[in-house]
1. Consider region B:12-32. How many of its residues are in contact with a strand residue (DSSP E or B) (Cβ under 7 Å, 6 or more places away or on another chain) and within 17 Å of residue B:233 (Cβ to Cβ)?
2. Can you find, within region B:160-175, the residue that is surrounded by the most Cβ atoms within 10 Å (Cβ to Cβ) among those that are within 21 Å of residue B:209 (Cα to Cα) and within 15 Å of the chain's Cα centre (by Cα)?
3. Suppose we filter B:232, B:236, B:211 for residues that are at pLDDT 95 or above and closer than 17 Å to residue B:158 by Cα; which single one remains?
4. Name the single residue, out of those in region B:22-51 being more than 30 Å from residue A:6 (Cβ to Cβ) and crowded, with 22+ Cβ neighbours inside 10 Å, that is farthest from the other protein chains (Cβ to nearest Cβ).
5. Take residue A:77 and tell me if it is free of Cβ contacts under 8 Å to residues at least 40 places away in the same chain and touching a helix residue (DSSP H, G or I) at 6+ places or on another chain (Cβ under 9 Å).
6. For region B:131-148, does any single residue satisfy the condition of being assigned to a helix (DSSP H, G or I), farther than 20 Å from residue B:211 by Cβ and away from every other protein chain (no Cβ under 14 Å)?
7. Among B:197, B:203, B:224, which is the only one that is closer than 28 Å to residue B:114 by Cα, surrounded by fewer than 15 Cβ atoms within 10 Å (Cβ to Cβ) and in contact with a helix residue (DSSP H, G or I) (Cβ under 8 Å, 6 or more places away or on another chain)?
8. List pairs: first residue in region A:26-54 and at negative phi and buried (at least 20 other Cβ atoms within 10 Å of the Cβ), second residue modelled with pLDDT of 90 or more and in a loop (DSSP other than H, G, I, E, B) anywhere in the structure, Cβ distance under 6 angstrom, at least six positions apart or on different chains.
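The values are calculated or read from the model by the stated rules, or taken from the named source; none is laboratory data. From a predicted model like this one, the values you see are computed outputs, not experimental measurements. Here Cβ is always computed from backbone atoms with ideal geometry, including for glycine, and neighbour counts include all displayed protein chains.
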């Protein structure tokens, strides 16, 4: 058996502030498991009525793009200006774009 | 309303105030940053309940005492909290077991108040507090299970906490002239009426935590009539020193 870890794993916290909006990353915290992570997130990140819903994800389960891949991943979009919605008239009814 | 209702509300308010003060001692000493904030949040919830309850107790008493007069200018003999909540924090296990034993009781008491009392102001305070103490109860129960069903050391230590605190729990369910008068007036059921459900719920938590429920033997009591442990006066000295030195001082 391996030695017990002295530090709890890191969790990333996502909070939805209002119905209709998406969950936003607000920070991270340590917790022994998912239940404790939700409970800690409630105490650390929603003390001032910030949330209606909480997601927690183990930080180690997140796969991130590496900074060195930046050119390959993002540069090709630079000259595709027609992908921007600025060429279209948005109806007033459409919000949160 | 019963003549003694203010006395009874004072007991509720003092339970919340004294436990709030104890928990706030954890601020910046918590076992982890997240738990430090959790304990401080719970302390602030309890302080909010204490403020509302002491204000109401002062109004029902009718002698012009407000929340500050009741919190800062009574001696230990005039406090009406149960002994359980005034005990020193000890280690985190002691604190969390004390919290679990009290939270389970607080939920039942506020549930009864929110739905049954004839005092509508008290019912409103209870309805608000109920949401808070339900969270406290979930938090402390979760921790008792984690520690009890954790490592060999955490199990041993939290079992010792439980054995040490258990004799103080019976006081919560005692009734006297005040609680009987309030019961007859429709303010609240007798404390004894919570015993069965509390025992059932606490036993379920202890079972999940693989802890052994102590056999009740000694009955440590006296808080409701002002006979406290030595620990309360030290705690009050710290809590009251500023207002007693500079009466009426404000931030």
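1. Keep residues of region B:12-32 that are in contact with a strand residue (DSSP E or B) (Cβ under 7 Å, 6 or more places away or on another chain), which gives B:32.
Then drop every residue that is not within 17 Å of residue B:233 (Cβ to Cβ), which leaves none.
Count: 0.
2. Taking region B:160-175 first, the residues within 21 Å of residue B:209 (Cα to Cα) are B:160-169.
Narrowing further to those that are within 15 Å of the chain's Cα centre (by Cα): B:165-166, B:168-169.
Working: B:165: 20, B:166: 20, B:168: 23, B:169: 25.
Once the filter is applied, the top-ranked residue is B:169.
3. Within the list B:232, B:236, B:211, the selection yields B:211.
4. B:50
5. Details: free of Cβ contacts under 8 Å to residues at least 40 places away in the same chain: yes; touching a helix residue (DSSP H, G or I) at 6+ places or on another chain (Cβ under 9 Å): yes.
Answer is yes for this residue.
6. Yes, some residue in region B:131-148 is assigned to a helix (DSSP H, G or I), farther than 20 Å from residue B:211 by Cβ and away from every other protein chain (no Cβ under 14 Å).
7. Of B:197, B:203, B:224, the one residue that is closer than 28 Å to residue B:114 by Cα, surrounded by fewer than 15 Cβ atoms within 10 Å (Cβ to Cβ) and in contact with a helix residue (DSSP H, G or I) (Cβ under 8 Å, 6 or more places away or on another chain) is B:197.
8. Taking only residues 6 or more apart or on different chains, the pairs are A:31/A:8; A:37/A:31; A:40/A:31.
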